[in-house]
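The values are calculated or read from the model by the stated rules, or taken from the named source; none is laboratory data. Just so it is clear, the model here is predicted, and its values are computed rather than measured. Virtual Cβ from ideal backbone geometry, glycine too; neighbours counted across all protein chains shown. Surface accessibility is based on the protein's heavy atoms, side chains included, excluding ligands, DNA and RNA. Shrake-Rupley method; radii C 1.70, N 1.55, O 1.52, S 1.80 Å.
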Amino acid sequence: MLNDVEFFWKTRYFKAKTSRGKPIGRSKLADRISITRNHLLPMFGQVKFKDLSTESIDNWVLEAFASGNLSGQMINHDLFNLRILLDFALADGLMLSNPARSVKPAVVHAKERGALTSTEVAALISPAIWHSGKILYRTAIVLSLLTGMRAGEVRGLRWENVHPT
């Protein structure tokens, strides 16, 4: 049986998006469920709507950033999901305003990413890894190594994207 978190994201949110022509993938829903379950519920699960304020949410963002336990990007994902949840609460008449809308996102410092070293490539194609995985994963690894495509680009590939000429 689905719990309330899964039920919300898989029904209300999914229906609201797809009925307006915006497709939502399974991985996006899984991300939203995971963020809600692992980050938002532990922090805000017992807080009543009337007790939520821009200040309390902003303090949470600042404390999470200062602790170093979450990256700025993850904090912003959490904040975005909280905004969505509170927008639904607002639409349902459970709140007068969405306090998360006024909270500034955390600063995200992009990491410099270089090419894989020969040691990292060797680890990816080692017999232990190579023979334990599914052919789909092996294919994705080889495609990434040979083309430099990122994981999200490989996952997004469709047959209609392949032009052999």
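Quick look at the values:
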| quantity | calculated |
| --- | --- |
| Subset of segment 12-34 [over 22 Å from residue 152 (Cβ atoms) and either open to solvent by 50 Å² or more (accessible area, probe 1.4 Å) or not in a helix (DSSP H, G or I) (or both)] | 12, 15, 19, 20, 21 |
| Residue list for segment 65-83, filter: within 19 Å of the chain's Cα centre (by Cα) and open to solvent by 20 Å² or more (accessible area, probe 1.4 Å) | 65, 68, 69, 70, 71, 73, 74, 76, 77, 80, 83 |
| Hits in segment 84-93 (condition: surrounded by 15 or more Cβ atoms within 10 Å (Cβ to Cβ) and either in contact with an Asp or Glu (Cβ under 8 Å, 6 or more places away or on another chain) or touching a residue at least 24 places away in the same chain (Cβ under 8 Å) (or both)) | 84, 85, 86, 88 |
| Test result for residue 7, in a helix (DSSP H, G or I), hydrophobic (A, V, I, L, M, F, W, C), at negative phi and open to solvent by 90 Å² or more (accessible area, probe 1.4 Å) | yes |
| Top-ranked residue in segment 94-107 [being open to solvent by 60 Å² or more (accessible area, probe 1.4 Å) and over 19 Å from the mean Cα position of the chain (by Cα); ranked as nearest to residue 62 (Cα to Cα)] | 102 |
| Flag if residue 37 is within 22 Å of residue 97 (Cα to Cα) and either in contact with an Asp or Glu (Cβ under 6 Å, 6 or more places away or on another chain) or not in a loop (DSSP other than H, G, I, E, B) (or both) | no |
| Criterion violated by residue 114 - all others in (1) without any contact (Cβ under 8 Å) to a residue 40 or more places away in the chain; (2) open to solvent by 100 Å² or more (accessible area, probe 1.4 Å) satisfied | (2) |
